[in-house]
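Visitor: Okay, handing you the structure first.
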Amino acid sequence: MTDFGRIRGDFPLLSRRVHGRPLIYLDNAATTQLPEPVLRAVEEQYRQWQANIHRGVHWLSEQSTARVESVRRTVADFLGAAESAEIIFTSGATESVNLVARAASESLLREGDTVAATVMEHHSNLIPWQEACRRSGARLRLIPLTPCGELDMEAAERVFSERPKLLAVTAVSNVLGTVNPIARLTKAAHDAGALVFVDAAQQMRHGRVDVRKWDCDFLCFSGHKMLAPTGIGVLYGKRELLERLPPVAFGGGMVEEVTEYRADWDVLPFRFEAGTRNIAGIIGLGAAIGYIRSIGGEAVYGREAELLRQTEAVLRERPYLKILGTPGERAGAVTFNIRGLPAYDAARLLDQLGVAVRSGHHCAQPLLRALGLESAVRVSPAFYNTEEELCTLGAALDRVAALPGIRHG
Amino acid sequence: MDEIESVQRELIGEFQGLGDSFEQYAYLIELAALLPQLPPEKKTAERVVKGCQSHVWLDMRAENGVFRFDGDSDTFIIKGVLYLLRRMFDGQPLADVAAAKLTLFEETEIMETFETDRQKGIGYVVQTLQRFAAEH
């Protein structure tokens with residue numbers, strides 16, 4: 001059995017104190033902490049291997065290139081991609097979505113076409129599609145939610161009947177934690193003739209991603225939500241589709257040949273990687289995947305699910321809270337409001353007690369609005385959190401909710 | 001010492017007697033409940049303080065050389081701050097409000113309960129109040 005108490009010791013930041021109290025970090029849906037092996041890998045990259053890649057003929061450049069390409073293979077294998085050429089390194093999920101949306105607006109989408117997305121998308125998987133539609137003249141159709149916070153599959157059928165060119169959908173809601181039926185949605189979208197873009201940013205620590213099983217056409221995620229540094233992310237795309245997309249960023253490293261007035265693009269994946277990539281970030285991502293694998297993906301996913309169940313239990317015991325959504329399957333996050341207390345104040349008060357949670361619209365304003373809210377408090381544990389921390393969260397909530405001046409009515 | 005400074009000293013005393021930043025925040029929330037409510041029809045776009053992360057509305061008036069103001073916010077802590085500012089400025093001569101030197105936030109730990117964006121926002125609120133007083 002995995003000793004998660006020992007594993008917690010791998011994360012130096014978790015032993016910090018804030019406001020004179022032990023830090024209880026429950027904002028993992030935004031960013032996770034880095035374990036020692038990832039920190040060491042990043043430092044080692046700078047100390048021993050720092051050189052630009054793909055361009056130099058010298059030893060250090062070749063070594064650095066080999067290390068980056070090794071991570072590309074690791075990511076391809078981690079996602080179940082057919083080949084590493086289908087893995088493009090980006091700065092994060094946001095850049096990945098923007099890349100495909102921009103390229104699609106210049107190639108796949110025409111005036112009068114439909115693009116489908118959902119009300120629960122993070123802004124990063126919504127605004128790029130709004131812009132792609134604006135540029136191409138396509139229409140955006142959003143799949144609404146059921147009252148319990150799941151995608152309304154009957155409404156989805158109606159959207160699919162408009163034969164959209166593409167469906168953009170998150171695997172897991174960053175607000176409600178709703179786990180979407182990606183394989184089922186992909187099948188329905190494909191039957192309607194649509195390509196499928198999956199935002200897996202919130203999925204990566206909670207369950208296995210297998211792009212071939214899901215059969216999605218594109219998928220993206222960010223490293224910083226799965227123990228890697230910030231500023232590194234991935235875009236996966238099926239080779240035949242990536243071949244059809246034009247590059248949208250231009251510069252060094254993405255060309256075969258350049259003459260005075262034109263350029264020929266390099267092969268995949270390099271044609272989508274203009275400029276110098278975040279090399280240390282890529283190395284860190286490789287180390288993060290290695291770390292998760294060393295614990296065992298299933299053990300991590302199981303622990304995440306267990307801690308989320310306990311989080312929900314802690315919150316449900318407190319009648320002064322209103323929890324958002326009751327999806328059949330939830331992962332990663334539970335979001336709520338303390339009745340009578342604005343979310344910002346609740347999160348700030350919890351912070352004074354050492355508990356780090358997030359408040360606001362969580363970059364999902366259409367979703368919050370659909371729920372009749374402006375903001376809410378989100379708790380998102382990771383496998384390195386403990387049951388004791390969740391008990392402390394409960395006690396901190398009680399202390400906040402009992403303050404004079406708050407009327408829970 | 002004018003009345004504004006006298007109230008300011010009183011408030012500083014109240015906050016210095018409190019415990020850690022949680023206690024200070026909790027006290028601001030108590031004070032927020034005492035802030036007179038701004039009627040919804042007064043929460044107009046013109047009354048919104050620009051640059052604030054929280055929504056803040058200020059209804060400022062000059063009445064016979066005296067500064068009057070009411071305010072509201074979508075966060076309790078800012079309402080608490082508005083309560084403090086109202087206690088100092090409301091009903092005071094316009095010239096005194098414009099010239100007042102605000103040391104309340106420096107001499108207490110109130111600002112530590114805010115993150116940087118809200119700290120700036122409170123600065124904008126104070127500027128807006130004092131500019132109105134100076135211009136009327």
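The values are calculated or read from the model by the stated rules, or taken from the named source; none is laboratory data. All of these numbers come straight from a predicted model, not from anything done at the bench. We place every Cβ from the backbone using ideal geometry, glycine too, and count neighbours over all the protein chains shown.
Visitor: Being closer than 18 Å to B:GLU30 by Cβ and aliphatic (A, V, I, L, M) is the requirement here; does B:VAL126 meet it?
Guide: no
Visitor: Give the range B:88-112 a look and list any residue that's without any contact (Cβ under 8 Å) to a residue 24 or more places away in the chain and acidic (Asp, Glu), or say none.
Guide: Selection gives B:ASP90, B:GLU106.
Visitor: Go through the range A:374-396 and report how many residues are of a type outside the set (Gly, Ala, Ser), under 29 Å from A:PRO147 (Cβ atoms) and in contact with a strand residue (DSSP E or B) (Cβ under 7 Å, 6 or more places away or on another chain).
Guide: Selection size over the range A:374-396: 4.
Visitor: Hey, another quick one. Provide a single number: the residues in the range A:360-372 that are part of a strand (DSSP E or B) and at pLDDT 95 or above.
Guide: The number of residues fulfilling the criteria is 0.
Visitor: Might you check whether a residue that is in a loop (DSSP other than H, G, I, E, B), among the basic types (Lys, Arg), surrounded by fewer than 19 Cβ atoms within 10 Å (Cβ to Cβ) and within 14 Å of chain B (Cβ to nearest Cβ) occurs anywhere in the range A:332-341?
Guide: yes
Visitor: Could I ask something else about it? With the checklist (1) in contact (Cβ under 8 Å) with a residue 12 or more places away in the chain; (2) within 30 Å of A:ALA356 (Cα to Cα); (3) under 14 Å from the mean Cα position of the chain (by Cα) in hand, flag the one item B:PHE67 doesn't pass.
Guide: In the conditions (1) in contact (Cβ under 8 Å) with a residue 12 or more places away in the chain; (2) within 30 Å of A:ALA356 (Cα to Cα); (3) under 14 Å from the mean Cα position of the chain (by Cα), B:PHE67 misses (2) alone.
Visitor: Do any strands (runs of 3 or more DSSP E) lying entirely in the range A:111-206 carry at least 1 residues that are touching a Cys at 6+ places or on another chain (Cβ under 6 Å) and modelled with pLDDT of 95 or more, and which ones are they?
Guide: Hits in the range A:111-206: A:114-118, A:139-143, A:195-199.
Visitor: Can you tell me which residue within the range A:112-142, out of those that are hydrophobic (A, V, I, L, M, F, W, C) and in contact (Cβ under 8 Å) with a residue 60 or more places away in the chain, is surrounded by the most Cβ atoms within 10 Å (Cβ to Cβ)?
Guide: Per the criteria, the residue is A:MET120.
Visitor: Would you be able to say whether some residue in the range B:99-109 is assigned to a helix (DSSP H, G or I), surrounded by 15 or more Cβ atoms within 10 Å (Cβ to Cβ) and of a type in the set (A, V, I, L, M, F, W, C)?
Guide: Yes, because at least one residue in the range B:99-109 is assigned to a helix (DSSP H, G or I), surrounded by 15 or more Cβ atoms within 10 Å (Cβ to Cβ) and of a type in the set (A, V, I, L, M, F, W, C).
Visitor: Return the pairs, sorted by first residue and then second, in which the second residue is buried (at least 18 other Cβ atoms within 10 Å of the Cβ), the first residue lies in the range B:119-136 and is outside any helix (DSSP H, G or I), the beta carbons are less than 7 Å apart, and the residues are 6+ apart or on different chains.
Guide: Pairs that qualify, where the first residue is outside any helix (DSSP H, G or I) and the partner is buried (at least 18 other Cβ atoms within 10 Å of the Cβ), are B:HIS136/B:LEU94.
Visitor: Regarding B:LEU35, is this residue within 14 Å of chain A (Cβ to nearest Cβ) and under 22 Å from B:GLY123 (Cβ atoms)?
Guide: yes
Visitor: Can you work out which of the residues in the range A:354-364 that are within 13 Å of chain B (Cβ to nearest Cβ) and touching a Lys or Arg at 6+ places or on another chain (Cβ under 8 Å) is surrounded by the most Cβ atoms within 10 Å (Cβ to Cβ)?
Guide: A:ARG358
Visitor: Return the residues of the range B:17-47 that are closer than 30 Å to A:ARG21 by Cα, not in a helix (DSSP H, G or I) and not aliphatic (A, V, I, L, M); say none if nothing qualifies.
Guide: B:GLY17, B:GLY19, B:ASP20
Visitor: Picking from B:ILE122, B:ILE77, which residue would you name as being surrounded by 14 or more Cβ atoms within 10 Å (Cβ to Cβ), more than 13 Å from chain A (Cβ to nearest Cβ) and under 11 Å from the mean Cα position of the chain (by Cα)?
Guide: B:ILE122
Visitor: Scan (1) away from every other protein chain (no Cβ under 11 Å); (2) in a helix (DSSP H, G or I); (3) touching a Leu at 6+ places or on another chain (Cβ under 9 Å); (4) of a type outside the set (D, E, K, R) for the single condition B:ALA95 breaks and write down its number.
Guide: B:ALA95 satisfies all of (1) away from every other protein chain (no Cβ under 11 Å); (2) in a helix (DSSP H, G or I); (3) touching a Leu at 6+ places or on another chain (Cβ under 9 Å); (4) of a type outside the set (D, E, K, R) except (3).
Visitor: Ok, one more. Out of all the residues in the range A:365-372, is one or more touching a residue at least 24 places away in the same chain (Cβ under 8 Å), away from chain B (no Cβ under 14 Å), within 17 Å of B:ASP74 (Cα to Cα) and not aromatic (Phe, Trp, Tyr)?
Guide: For the range A:365-372, residues touching a residue at least 24 places away in the same chain (Cβ under 8 Å), away from chain B (no Cβ under 14 Å), within 17 Å of B:ASP74 (Cα to Cα) and not aromatic (Phe, Trp, Tyr): present.
Visitor: Sort out which residues of the range A:373-409 are among the charged types (D, E, K, R), more than 13 Å from chain B (Cβ to nearest Cβ), part of a helix (DSSP H, G or I) and farther than 18 Å from A:ARG303 by Cβ, and write them in order of number.
Guide: Selection gives A:ASP398 alone.
Visitor: Please verify whether A:PHE160 is in contact (Cβ under 8 Å) with a residue 40 or more places away in the chain, farther than 18 Å from A:ALA364 by Cβ and not charged (D, E, K, R), treating the condition exactly as stated.
Guide: Yes.
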